[in-house]
Amino acid sequence: MQTFRHPVEKTTVTEGWQPNIDQLKRTLVPQGVTLYPDPEERLAQVPDEHFDIVTNSHGGLPIRDIARVLRPHGLFVSQQVGATNNYSLSRFLNANYVPAFPDNNLPQVMTELREAGFEILKSDAAFVKMNFTDVGAIVYYATVIPWEFPDFDVKKVMPQLHQLQKIIDSQGSVTTFEDRFIVLAKKK
């Protein structure tokens, strides 16, 4: 908490993923940070108008619930992975791929924030190249983000992996695009 220079007794964390909840219980809770385990990502345990600031990095966006837990004039800051993140690679490896969170895009989130009583102070999006120079790296990547590569199985996609290797051999890399957006909003 020293990096924020914010008193730990005034710091609260919500977390939905059990391994992170366990880690937070071991590391931050003993320092005095309040933890609200939130596996449903609905902020259900958080009292109304409890926070001055809510930050969210890559988490679910229950915008109505965020509005509920923010005090009037409170700030919401979020950096998100957009719906089209690595879409071409995901689709190449699985012809039936559909993004897990198709509505997680900047225009949709901005609309929902406005409808929930927020003023948008800043927003931006980026689509950044990510190059793979090794098929093994693609395999590893696909195994650690199953929401973008559902039911990934090396044996099932071996023909596609061979095609990707041919692209790497001839072009030097396979390119995909990271989809990111940021939004800063103020509750009215």
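One table, with the values for the structure above:
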quantity	calculated
Every pair of residues 6+ apart whose Cβ atoms lie under 8 Å, when the first sits in the stretch 115-126 and is more than 9 Å from LEU184 (Cβ to Cβ) while the second is part of a strand (DSSP E or B) and open to solvent by 50 Å² or more (accessible area, probe 1.4 Å)	PHE118/LYS186; GLU119/LYS186; ASP124/ILE182; ALA125/ARG180; ALA125/ILE182; ALA126/ARG180
Any hit, the stretch 36-48, residues being without any contact (Cβ under 8 Å) to a residue 40 or more places away in the chain, in a helix (DSSP H, G or I), charged (D, E, K, R) and crowded, with 17+ Cβ neighbours inside 10 Å	no
Hits in the stretch 131-147 (condition: assigned to a strand (DSSP E or B) and loosely packed, with under 12 Cβ neighbours inside 10 Å)	none
Selected residue [over 22 Å from the mean Cα position of the chain (by Cα) and within 19 Å of GLU119 (Cα to Cα)] from ARG71, ARG5, ARG26, ARG64	ARG71
Conditions (1) part of a strand (DSSP E or B); (2) open to solvent by less than 30 Å² (accessible area, probe 1.4 Å); (3) closer than 27 Å to GLU148 by Cα; (4) in contact (Cβ under 8 Å) with a residue 24 or more places away in the chain; number of the one not met by VAL54	(4)
Candidates THR14, THR34, filtered to the one that is closer than 24 Å to HIS73 by Cα, polar (S, T, N, Q) and under 19 Å from the mean Cα position of the chain (by Cα)	THR14
Among residues of the stretch 50-64, those that are more than 23 Å from MET110 (Cβ to Cβ) and at pLDDT 95 or above, counted	0
Selection from the stretch 94-123 of residues that are assigned to a helix (DSSP H, G or I) and touching a Leu at 6+ places or on another chain (Cβ under 8 Å)	VAL109, GLU112
Selection from the stretch 89-106 of residues that are exposed (fewer than 13 other Cβ atoms within 10 Å of the Cβ) and more than 13 Å from the chain's Cα centre (by Cα)	ALA95, ASN96, VAL98
Count of residues meeting criterion [surrounded by fewer than 17 Cβ atoms within 10 Å (Cβ to Cβ) and either more than 18 Å from ARG180 (Cα to Cα) or among the hydrophobic types (A, V, I, L, M, F, W, C) (or both)] in the stretch 69-82	4
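Each row is one residue, and each column tells you yes or no for (1) touching a Ser or Thr at 6+ places or on another chain (Cβ under 8 Å); (2) open to solvent by 60 Å² or more (accessible area, probe 1.4 Å).
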site	(1), (2)
PHE149	yes, no
PHE152	yes, no
LYS156	no, yes
ILE168	yes, no
GLU178	no, no
LEU184	yes, no
LYS187	no, no
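The values are calculated or read from the model by the stated rules, or taken from the named source; none is laboratory data. Please read these numbers as outputs of a predicted model, since none were measured by experiment. Neighbour counts run over all protein chains shown; Cβ positions are idealised from the backbone, glycine included. These accessible areas exclude ligands, DNA and RNA; they are computed on the full protein's heavy atoms, side chains included. Shrake-Rupley method; radii C 1.70, N 1.55, O 1.52, S 1.80 Å.
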